[in-house]
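Here is the structure we will look at, set down as structure tokens.
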Amino acid sequence: IGAGLSAEFLLSFDLAWRAADAKFIVIYQDADETVIGLPWDRVSWVSCTDAGTWGTGAYVYGGGLAVDYNFSYALSGTSGRTHFIFDGKLTAGAGHQGVIHRSLNSSDTLQTAQLILDETQLGLDGLGFVTEGRPKIVGTEVLYPYGQIAGNPSPYKTDYVKVLRAGSADTPTWNAPQTVATVVNDVANGVRNTEADTDDAGNAYIIWGQN
């Protein structure tokens, strides 16, 4: 890995190819940052040329905040833009994690961060975690699939598989969540591991697991 990158890099990372200047844009789990005496998870980005020359890593968001940031993805958008999607909150305080989008333009300038889903839209599984999804670029759109789950069954609960969509832009306008499937079950974990993918014709598919 690149000189100066933390060992946490190997725990979680994703990358996108930026053809305009032949670089990989990498988003990765960085070393914890100590804030008010406690360690907090951080997500950073760094570039790497196809010749293996690494840039200098920098936080994607949240330096100095008492908030954990993790579960990160990078997607190649239009006009040399890279889309970062990760779990976290825009400000410190009470509440569970949401999902944040922030884009990096072709000049390596981070754009305005957006909270695209908050805890009330996601729900929590039986262990108290949101069910983050793996996003995908489909044509010129960013798709973010996720599970909205109701928590512990009593005795049955209704979970939803949903997807957010937005055109590739520095600060995209996200459509209202669309329901892909409704799942009724009697287990706490419910819908898991949602992903988006495409076929050769450009059709989008949402894939998920359920207990």
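Derivation of every value follows stated rules applied to the coordinates shown; laboratory data play no part. Note that the coordinates shown come from a computational prediction; the quantities given were computed from them, not determined experimentally. Every residue, glycine among them, receives a Cβ derived from its backbone with ideal geometry; neighbour counts consider all protein chains shown.
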Would you mind computing, in nm to one decimal, how far apart the modelled labels at Trp174 and Thr120 are, each placed 7 Å from Cα along Cα→Cβ? 1.4 nm
Residue-wise HN-Hα coupling along region 12-28, computed from phi with Karplus coefficients 6.51, -1.76, 1.60 (Hz; x: Gly, Pro): 7, 7, 8, 8, 9, 8, 9, 5, 4, 10, 6, 10, 8, 9, 10, 10, 8
Would you mind calculating the gained length between Ile207 and Ala20 on full extension (0.36 nm times residue separation, minus the Cα-Cα distance), in nm to one decimal? 64.2 nm
Starting from the Cα gyration tensor of region 7-66, take the square roots of the eigenvalues, sort them a ≥ b ≥ c, and report rounded, prolate or oblate (rounded when a/c is under 1.5, otherwise prolate if a/b is larger than b/c, else oblate). prolate
What is the local net charge at Gly55, summed over the other residues whose Cβ is closer than 10 Å to its Cβ (Lys, Arg +1; Asp, Glu -1)? 0
Spatial separation of Cα centroids for region 86-108 and region 14-64, in angstrom: 14 Å
Starting from the Cα of Leu38, step 7 Å toward the Cβ, then list every residue of region 84-119 with an amide N under 15 Å from that point. 89, 91-97
Thr91 versus Ala58: modelled label distance in nm, points set 7 Å from Cα along the beta carbon direction: 2.5 nm
Near the amide H of Tyr61, under 5 Å away, which other amide H atoms are found, from residues 5 or more places off or on another chain, if H is placed in the peptide plane? Val43
Cα→Cβ-extended label distance, 7 Å offset, between Thr78 and Val138, nm: 1.7 nm
